[in-house]
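Structure record follows, encoded as structure tokens.
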Amino acid sequence: MRGTLAITADISDVLALEVHAAFYDATGHVVGAGAFRHADAEPGGGAHAPNPEGIPFTVTASPADAPISAAVLSIPVLVNE
């Protein structure tokens with residue numbers, strides 16, 4: 001699963017971000033889960049310059065060969081300056 005997380009409010013840079021995903025088959029059984037983690041390499045380093053295009057993320061499921069019918073995303077960590 002790929003996507004872009006767009007910050008719609010005028011906040012400071014994102015210092016830490018986690019996106020978790022659970023993947024389900026057509027019968028509703030979990031076939032895999034994965035996570036994406038982002039950390040700012042230089043927190044507090046300079047002027048506020050958020051990325052207007054958002055933060056691209058990719059979450060892969062395990063096992064990758066299972067047919068996926070649905071996914072549920074959660075964002076348990078979002079830290080800004």
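The values are calculated or read from the model by the stated rules, or taken from the named source; none is laboratory data. Note that the structure is a prediction, hence the values are computed from the model and not measured. Glycine gets a Cβ as well: all are built from the backbone with ideal geometry, and neighbour counts include every protein chain shown. Protein only, heavy atoms only, side chains kept; ligands, DNA and RNA dropped before computing areas. Shrake-Rupley method; radii C 1.70, N 1.55, O 1.52, S 1.80 Å.
With r as the distance between the Cβ atoms of Ser12 and Ala71 and R0 = 41 Å, compute the FRET efficiency 1/(1 + (r/R0)^6) and round to 0.05.
0.90
Probe radius 1.4 Å, ligands and nucleic acids left out: which of Thr4, Thr27 has the largest accessible area, and how do the rest follow?
The residues order as Thr27, Thr4, largest area first.
Tell me which residues come under 5 Å, amide H to amide H, from Ser12 once H is placed; ignore anything under 5 positions away on its chain.
Placed amide hydrogens put Glu81 under 5 Å from Ser12.
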